[in-house]
Amino acid sequence: MAENSDSSRRAATRGEASRIHESAKYCAQGQYEAAKRWRLQHWTLGVACAGLGTVGAILTFADCSQILAGTLTFLAAIVAAVLTGVRPDKLAERAQTTGNEYMTLRNDTRRFMNIYLANCSDDEASARLEVLADRASELDHSSDPIPQWAYERAKTNISQGGQDFEADES
């Protein structure tokens, strides 16, 4: 009876570790997808700001419409304000860092399930699982939410093997 209870506890530990692994995988990929979009928005706004400001300045000194020059310069100021206020570069950096932390959690959980779990006592397995669960919870509470579009891209990437290892294919 005790052996059946031990195997049941071990299966429950493996199941919970598997959930942490899966969640970390999706969260990491979702954060990476969000970081890509934030970087794109940062560069797009930066180029738009520089371009509008430059053309506006050139038109100011050329024999062209002052209204057009003023409008372009005004638009450049608005884009600069958005760029400064939203700070997509910082959002990208934060998403990338969080994705890296989730990826580390994913890797640690995978090693726990595939290597350590079979060779440790139930008490040690429970303690290691608790550490992983605490890390997952801390990351979940401190990270920015993943936008729906980033989650969908992450899901597609993962379903197409975006986080698979060749070693796992055999």
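No value in this document is a laboratory result; all are computed from the given coordinates. These numbers were taken from a predicted model, which means no experiment stands behind them. Please note: Cβ atoms are built from the backbone with ideal geometry, for glycine as well, and neighbour counts cover all protein chains shown.
For segment 27-148, what is the convex hull (Cα atoms) projected area averaged across all directions, in square nanometres?
On the way: hull surface 36.3 nm².
Projected over every direction and averaged, the Cα hull of segment 27-148 covers 9.1 nm².
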TODO: List the lysines whose Cα lies under 22 Å from the Cα of K25, skipping any in the same chain that are fewer than 8 positions away.
DONE: K36, K155
TODO: Calculate the spin-label point distance for T71 paired with A12, positioning each point 7 Å from the Cα along the beta-carbon direction, and give it in nanometres.
DONE: 6.9
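How long is the gain from K90 to N157 if the chain were fully straight, where each residue apart is worth 0.36 nm and the alpha carbon distance is subtracted? Before the final figure, lay out each step's value.
Working: separation 67, 0.36 × 67 = 24.12 nm, distance 2.41 nm.
Full extension from K90 to N157 adds 21.7 nm.
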Open item on the list: Full-extension gain between E124 and H141, please, as 0.36 nm times their residue separation minus the C-alpha to C-alpha distance.
Closed with: 3.5 nm
Open item on the list: Checking understanding here: applying a Kyte-Doolittle mean of at least 1.6 and a length along the axis of at least 20 Å (C-alpha), which whole DSSP H helices in the chain pass?
Closed with: 66-86
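Using Cα-Cα distances under 8 Å and only pairs 6 or more residues apart, what relative contact order does segment 25-74 have, in percent?
Working: 23 pairs, mean separation 13.6, N = 50.
Once divided by the residue count of segment 25-74, the mean separation gives 27 percent.
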